[in-house]
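Novice: Got a structure here, written out as structure tokens. Questions coming.
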């Protein structure tokens, strides 16, 4: 028979060698400036919803697809009282996607007349143009943004132009193989406001830590720790399976990835402080995310794959101090 010692990957002989010298002329390219907290956002900011949700996507060609989305639930109405007021609401959304390695077109049309559009076009290997637009029938509520992204070998730069005389720019640079630092500046011409911000991101194979500071008074920190990643479970079975070892032992495995995340935000202007802790548990057939914050809000989000292209969704958010409870379930069909 074959023992587990012959199955599990062996430790290479070179693991004990000294750490290689850092080549500062060949540093990796950092993540985009606006995505430095993407791991924490994926764990702590899932797409929670209330009511019934159904999403259907149909691929017409390899590059073109149509989508239909239905949401039936409740809408919170602003109120001066402490009580939460909700009214029933429903929404239908029609979408079209065109995906190409150098061109991406995404459009969404809602029943209330709103149109959301996104365009990403690779002008060269290093320069990309992004357009985000939201058009409404109400005057002065339509928005548009043009982004020019440049990707260097160890840095990224972005220039933004938007309506209402908005101008912005950011730059992020890899300082070491694990550390990147950046800065941003923006100007709102219509409101006569400007701001500047700084950020830093430190990441390894097991953790990601970020820090953001802005002249608007915002200080934000986040930390994500990967507890386990791609754990394989081996066991004997009598039936045929997908993989063999020396044609004697069959096995199946489940990829498990567990991450713990936390964030902290301080607003100097309003003196508000919020923090949250959460988890992200990824199995082969499902993904479970949950969090609890300093305001007493507890949330959980489950995505379970029932079949190829069919996912079941469960969403829950409980706000005990405000007595606001949100529960939702849904299904997505299509890839």
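Novice: If I filter the range 278-288 down to residues being part of a strand (DSSP E or B) and over 22 Å from residue 321 (Cα atoms), which single residue comes out as nearest to the chain's Cα centre (by Cα)?
Specialist: Here the answer is 280.
Results for (1) touching a helix residue (DSSP H, G or I) at 6+ places or on another chain (Cβ under 9 Å); (2) surrounded by 19 or more Cβ atoms within 10 Å (Cβ to Cβ); (3) part of a strand (DSSP E or B); (4) touching a residue at least 60 places away in the same chain (Cβ under 8 Å), shown as yes or no for each residue.
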residue: 298; (1), (2), (3), (4): no, no, yes, no
residue: 301; (1), (2), (3), (4): no, yes, yes, yes
residue: 304; (1), (2), (3), (4): no, no, yes, no
residue: 311; (1), (2), (3), (4): no, yes, yes, no
residue: 315; (1), (2), (3), (4): no, yes, yes, yes
residue: 318; (1), (2), (3), (4): no, no, yes, no
residue: 327; (1), (2), (3), (4): no, no, yes, yes
residue: 331; (1), (2), (3), (4): no, no, yes, yes
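Novice: Which one is farthest from residue 314 (Cα to Cα) among residues in the range 79-89 that are touching a strand residue (DSSP E or B) at 6+ places or on another chain (Cβ under 8 Å) and without any contact (Cβ under 8 Å) to a residue 24 or more places away in the chain?
Specialist: 79
Novice: Checking the structure you have, find out if any residue of the range 229-239 is part of a strand (DSSP E or B) and at pLDDT below 90.
Specialist: Yes, some residue in the range 229-239 is part of a strand (DSSP E or B) and at pLDDT below 90.
Novice: So residue 128 ticks every box in (1) closer than 28 Å to residue 59 by Cβ; (2) without any contact (Cβ under 8 Å) to a residue 24 or more places away in the chain; (3) exposed (fewer than 15 other Cβ atoms within 10 Å of the Cβ) but one. Which box is left unticked?
Specialist: (3)
Novice: Which one is farthest from residue 269 (Cα to Cα), of the residues in the range 185-210 that are more than 17 Å from the chain's Cα centre (by Cα) and crowded, with 16+ Cβ neighbours inside 10 Å?
Specialist: Within the range 185-210, the match that is farthest from residue 269 (Cα to Cα) is 202.
Novice: Restricting the range 77-122 to residues that are over 25 Å from the mean Cα position of the chain (by Cα) and surrounded by 12 or more Cβ atoms within 10 Å (Cβ to Cβ), which is farthest from residue 141 (Cα to Cα)?
Specialist: Looking at residues that are over 25 Å from the mean Cα position of the chain (by Cα) and surrounded by 12 or more Cβ atoms within 10 Å (Cβ to Cβ), I get 84.
The values are calculated or read from the model by the stated rules, or taken from the named source; none is laboratory data. Here the structure is a predicted model, which means the values were calculated and not measured. Glycine gets a Cβ as well: all are built from the backbone with ideal geometry, and neighbour counts include every protein chain shown.
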